[in-house]
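Working notes, structure below.
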Amino acid sequence: MNRATAARVAALACATLMLGGAVPAAAAPPRPPAPGDVQQALEALAKTDGVVGAIGEVYVDGRRVGRGSAGSRLLDGKGGRIPSDARYRVGSQTKAMTATVLLQLVDEGRIGLEDKLGDVLPEVVEKDLVERAGEITVRQLIRHTSGIPEWFRLDLIDIFDTTTYYRPLDLVKISRGQPRTQEPGEKFSYSSTNYTLLGLIIEKLTGRTLAAEFTRRLFAPLGMNRTYLPSEPPEGIKGPHGHGYAPGPDGRPRDMDRLNASYGHGAGGVISTAHDMSAFRSAFVRGRLLPPALQRVITDPPEGAPQPPAPPCGGALAQPSNGGAPGFTAATFTSPDGRRQFAVSTTLNLEQSLTVLRAITRTAEAVLCPKSPAAGPPSA
């Protein structure tokens, strides 16, 4: 993926992540509309250029009411279809989980939003890993306004290296050699380094690994029984699942199934299912994970963030949470009241692209609001 395209996709993913606010559920809510034909919508999505396979499931009040699978598990139509309940990488949707856990620690009084990175993680100062760490706040890390450079760039890491283990601080060190993007707190500037650091802060405060804290605070309480955070290569996706591909140095597609697990951590490493992602988004949007003031730290638009597209279905859906990396794009759509979700995963044979993100949005419109004027049939 060229750097300009990567930056646009990442910024769009982050902007939508920060805008999925919670709306209290009304008393005796009306029955949600029946979903559109999920299988038909996914078959149209699978015809989008570069999509190898697509799966999705619809949930209403925690109960699955529709599902589908299109395309194939492997390249060139091989491997059969992907089970709709298969695990998949959720990418930057992990960041909402990291931010939620960190803000729970704020709520418990164990850290403050205005605490300085250099005080919370003094090792980044001692080892000169983050410039101006004494000025950067926890709030700025969460909201991508710290100005810390990005480490997840294809000119800085080897996405085809599936065996080398990188500690989170090793990834932070990669970013140190890049120029700062702005003054601390000045404006929005997307960087996975922020969330690598937040993951380290969680581990330091709790004395547990980020994977263990995710399980304790989110996965177990919400019944996300098939979700986990791998941390070391070559651990990958458990069970039958779709494989994504990216062009190698010779231009030929390379299987990205064993994407280096140590690249994930708090920025993008979670592996989940449609059921589990629906459970997380429902709980988040309904305000069951954070008090309103802290939830707004995530959902309020960051200063200077790119303007997100209009909400799907003319506002009948909240902005989706999405994420991706070479070989896949995944998204979770929800209604503003948190009652309906559509979780979708696509495996790819091309660089991440806005075209795929837009096709996924059209698919969600066809599924969750099929009678909406905004919801035309999905197309490539």
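In nm, to one decimal, how far is the modelled label at LEU169 from the one at ASP76, with both set 7 Å along Cα→Cβ?
4.6 nm
Take the Cα radius of gyration of region 298-358 and divide it by 2.2 N^0.38 Å, with N its residue count; two decimals is plenty.
Dividing the Cα Rg of region 298-358 by 2.2 N^0.38 Å gives 1.23.
Between ARG358 and GLU126, what length comes free when the chain is fully extended (0.36 nm per residue of separation minus the Cα-Cα distance, one decimal in nm)?
79.1 nm
Counting other C-beta atoms within 10 Å, which of PHE219, PHE160 has the fewest, and how do the rest follow? Before the final figure, lay out the partial values.
Numbers: PHE219 23, PHE160 15.
In increasing order of surrounding Cβ atoms, one gets PHE160, PHE219.
When the C-alpha atoms of region 131-236 are aligned to their principal axes, what extent does each axis show, in angstrom, from largest down?
41, 32, 22
Hey, fewest Cβ within 10 Å first, where do ARG180, ARG73 land in order?
On the way: ARG180 15, ARG73 21.
With the fewest neighbours first, ARG180, ARG73 line up as ARG180, ARG73.
Please find the FRET efficiency linking GLN39 to ARG258, where r is the Cβ-Cβ separation and R0 is fixed at 35 Å, and quote it to the nearest 0.05.
E(calc), rounded to 0.05, equals 0.75.
Kindly provide the helix-only [θ] at 222 nm of the chain, computed as the sum of -39,500 (n - 2.57) over DSSP H runs of four or more divided by all residues, to the nearest 500 deg cm²/dmol?
The helix-only estimate for the chain comes to -9000 deg cm²/dmol at 222 nm.
Separation between the VAL65 and GLN182 pseudo-spin-labels, each 7 Å from Cα along Cα→Cβ, expressed in nm?
4.0 nm
Could you tally up the Lys pairs in the chain with alpha carbons closer than 26 Å? Skip any pair fewer than 8 positions apart unless they're on separate chains.
17
Report the dimensions of the chain along its three principal axes from the alpha-carbon atoms, largest first, rounded to Å.
Each principal axis gives a Cα extent; for the chain these are 57, 56, 35 Å.
From Cα pairs below 8 angstrom and at least 6 apart in sequence, can you work out the relative contact order of the chain, rounded to a whole percent? Don't skip to the end; give the middle numbers.
Working: 872 pairs, mean separation 109.6, N = 380.
In percent, rounded to a whole number, it is 29.
Hey, if you put +1 on the Cβ of every Lys and Arg and -1 on every Asp and Glu Cβ in region 21-144, which of LEU105, HIS144, TYR88 ends up farthest toward the positive end of that dipole?
Towards the positive end, the residue furthest out is TYR88.
Please express the shape of region 220-292 as an equivalent ellipsoid: the semi-axes are the square roots of 5 times the eigenvalues of the C-alpha gyration tensor, given largest first in whole angstrom.
30, 13, 12
Compute and list, largest first, the equivalent-ellipsoid semi-axes of region 32-135 from the alpha carbon gyration tensor, each √(5λ) rounded to a whole angstrom. Don't skip to the end; give the middle numbers.
Values: eigenvalues 366, 84, 22 Å².
That gives 43, 21, 10 Å for the three semi-axes.
Would you mind calculating the gained length between ASP250 and ALA293 on full extension (0.36 nm times residue separation, minus the Cα-Cα distance), in nm to one decimal? List each step's numbers first, then the result.
Values: separation 43, 0.36 × 43 = 15.48 nm, distance 5.02 nm.
Answer, rounded to one decimal: 10.5 nm.
Could you compute Rg(Cα) / (2.2 N^0.38 Å) for region 273-325, with N its residue count?
Region 273-325 yields a ratio of 1.27.
With each label point set 7 Å from Cα along the Cα-Cβ vector, what nm distance links LEU156 and GLU235?
2.4 nm
The numbers here are math on the coordinates, done by the rules we state, and not lab data. Predicted, not measured: the structure shown is a model, and the values here were computed from it. Reconstructed Cβ throughout: ideal geometry from the backbone, glycine too, with neighbour counts over all protein chains shown.
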